[in-house]
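Here is the structure we will look at, set down as structure tokens.
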Amino acid sequence: MRPSLDRTVLCFGDSNTHGTVPMSGPDDLARYARDIRWPGVMAGVLGHEWHVIEEGHPGRTTVHDDPVDGAHKNGIAMLPALLESHRPIDLVLIMLGTNDLKARFSVPPSDIGISLERLARVVQASNAGPSGAPPDLILVAPTPIEETGWLAGMFAGGAAKSRSLDTAIANSAARVGAKYVNAGAYASVDPLDGIHLTSDGHRALGIALAATVTEWSAAQENGRETC
């Protein structure tokens, strides 16, 4: 068997990919250290043959211009440029949907799933992968939230919706032929703000996603060997 090739994975997400520490108020902008954030944990497990790109933007939505925080929070508007700037990319992990739960957007879980599907189609229609092909894709359903702390009003009604996101996003992953991971099976939010992951959650999620990426990589190598 020939040695594994160097590979790149783009982690496209929101504040829980950025590594935002649970917040006590709007001016609390702390960020977990690189080796605590789940992309950093994943990178540590995968090893030097992988280049893990953290592209987490606090407040990022799937497809919505945010009327309060700004149009630059719109994930689908930013994704094409990021795919071009980081290519060639072997694999894209998308974990979005939490900010779509804000009361200001008033969308059901099914719409959030469809929005993730639109993002997936952008990746699959791109030439950002090796040799101008599209990258492969993993959709990650975000961890369910709680309505607590200073963010409770902003996410009013979101906790119940968040518990249906896993099914909605799993269905979207099946429709676009992407791998699917439910982050809620590994991580939980901190009760301080009900939105951001605990440090233990980051570690567990990073390890779990590293296993998924390793499984994907092994399948790719096996496919090449049978060609």
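The values are calculated or read from the model by the stated rules, or taken from the named source; none is laboratory data. Keep in mind that this is a model prediction, so the values were computed, not measured. When we count neighbours, we look across all protein chains shown, and the Cβ atoms used for this are built from the backbone with ideal geometry, even at glycine.
If the Cβ limit is 9 Å and pairs must be 6+ apart or interchain, which residue in the range 33-62 that is under 15 Å from ASP90 (Cα atoms) pairs with which residue that is assigned to a loop (DSSP other than H, G, I, E, B) and at pLDDT 95 or above?
ALA43/ARG34; ALA43/ASP35; TRP50/ASP90; ILE53/ILE89; GLU54/GLY19; GLU54/ARG34; GLU54/ARG37
State which residue is surrounded by the most Cβ atoms within 10 Å (Cβ to Cβ) when the search covers only the range 105-134 and only residues that are closer than 17 Å to LYS161 by Cβ and among the β-branched types (Val, Ile, Thr).
Result: ILE112.
ASN222: outside any loop (DSSP other than H, G, I, E, B) and at pLDDT below 95, yes or no?
On the way: outside any loop (DSSP other than H, G, I, E, B): yes; at pLDDT below 95: yes.
Spelling it out, ASN222 is indeed outside any loop (DSSP other than H, G, I, E, B) and at pLDDT below 95.
If I ask for residues that are under 20 Å from ILE114 (Cβ atoms) and of a type in the set (Val, Ile, Thr), which ones from the range 47-90 would you list?
Just the residues of the range 47-90 that are under 20 Å from ILE114 (Cβ atoms), to begin with: 60-66, 73-80.
Passing the criteria: THR61, THR62, VAL63, ILE76.
Go through the range 54-71 and give me each residue that's surrounded by fewer than 17 Cβ atoms within 10 Å (Cβ to Cβ) and either of a type in the set (A, V, I, L, M) or more than 19 Å from the chain's Cα centre (by Cα) (or both).
At the first step, the residues of the range 54-71 found to be surrounded by fewer than 17 Cβ atoms within 10 Å (Cβ to Cβ) are 65, 67-71.
PRO67, VAL68, ASP69, GLY70, ALA71 - these are the residues of the range 54-71 that are surrounded by fewer than 17 Cβ atoms within 10 Å (Cβ to Cβ) and either of a type in the set (A, V, I, L, M) or more than 19 Å from the chain's Cα centre (by Cα) (or both).
Name the residues in the range 18-44 that are surrounded by 18 or more Cβ atoms within 10 Å (Cβ to Cβ), of a type in the set (A, V, I, L, M, F, W, C) and either in a loop (DSSP other than H, G, I, E, B) or touching a helix residue (DSSP H, G or I) at 6+ places or on another chain (Cβ under 6 Å) (or both), would you?
Here is the first cut: in the range 18-44, the residues surrounded by 18 or more Cβ atoms within 10 Å (Cβ to Cβ) are 18-23, 32, 37-43.
Still in the list and also of a type in the set (A, V, I, L, M, F, W, C): 21, 23, 38, 41-43.
Hits for the range 18-44 are VAL21, MET23, TRP38, VAL41, MET42.
Starting from the range 133-149, take each residue that is more than 18 Å from THR61 (Cα to Cα) and list its partners that are of a type in the set (Phe, Trp, Tyr), counting only C-beta distances under 7 angstrom and pairs at least six apart or across chains.
ASP136/TRP216; GLU147/PHE155
Out of SER131, SER172, SER188, I need the residue that is on the phi > 0 side of the Ramachandran plot and either hydroxyl-bearing (Ser, Thr, Tyr) or modelled with pLDDT under 95 (or both). Which one?
Details: SER172 fails: on the phi > 0 side of the Ramachandran plot; SER188 fails: on the phi > 0 side of the Ramachandran plot.
One residue alone meets the criteria, SER131.
Pick from SER188, SER162, SER199: which is touching a residue at least 60 places away in the same chain (Cβ under 8 Å) and within 21 Å of ARG31 (Cα to Cα)? Don't jump to the end; show me each part of the working.
Numbers: SER188 fails: touching a residue at least 60 places away in the same chain (Cβ under 8 Å); SER162 fails: within 21 Å of ARG31 (Cα to Cα).
Unique residue meeting the criteria: SER199.
Name the residue that is surrounded by the most Cβ atoms within 10 Å (Cβ to Cβ), counting only residues in the range 188-197 that are within 16 Å of the chain's Cα centre (by Cα) and assigned to a loop (DSSP other than H, G, I, E, B). Step through it out loud before you land on a result.
Residues of the range 188-197 that are within 16 Å of the chain's Cα centre (by Cα), as a first pass: 188-189, 195-197.
Add one more test, that the residue is assigned to a loop (DSSP other than H, G, I, E, B), and what stays is 188, 195-196.
Working: SER188: 17, ILE195: 29, HIS196: 26.
Among those that are within 16 Å of the chain's Cα centre (by Cα) and assigned to a loop (DSSP other than H, G, I, E, B), it is ILE195.
From the list ASP69, ASP65, which residue is farther than 21 Å from GLN220 by Cα and either out of contact with any helix residue (DSSP H, G or I) (no Cβ under 6 Å at 6 or more places or on another chain) or of a type in the set (A, V, I, L, M) (or both)? Lay out the reasoning, then the answer.
On the way: ASP65 fails: either out of contact with any helix residue (DSSP H, G or I) (no Cβ under 6 Å at 6 or more places or on another chain) or of a type in the set (A, V, I, L, M) (or both).
Unique residue meeting the criteria: ASP69.
Look through the range 1-17, keep the residues that are loosely packed, with under 12 Cβ neighbours inside 10 Å and of a type outside the set (D, E, K, R), and return whichever of them is farthest from SER199 (Cα to Cα). If you could, list the steps in order and put the result at the bottom.
Going residue by residue through the range 1-17, those that are loosely packed, with under 12 Cβ neighbours inside 10 Å are 1-3, 6.
Then keep just the ones that are of a type outside the set (D, E, K, R); that gives 1, 3.
On the way: MET1: 37, PRO3: 34 Å.
Out of the qualifying residues, it is MET1.
Output the number of the condition that VAL181 fails; it satisfies all remaining conditions of (1) surrounded by fewer than 22 Cβ atoms within 10 Å (Cβ to Cβ); (2) under 24 Å from LEU46 (Cβ atoms).
The number of the failed condition is (1).
Taking the range 78-116 on its own, how many of its residues are within 30 Å of THR148 (Cβ to Cβ), touching a residue at least 12 places away in the same chain (Cβ under 8 Å), of a type outside the set (A, V, I, L, M, F, W, C) and in a helix (DSSP H, G or I)?
So the count comes out to 6.
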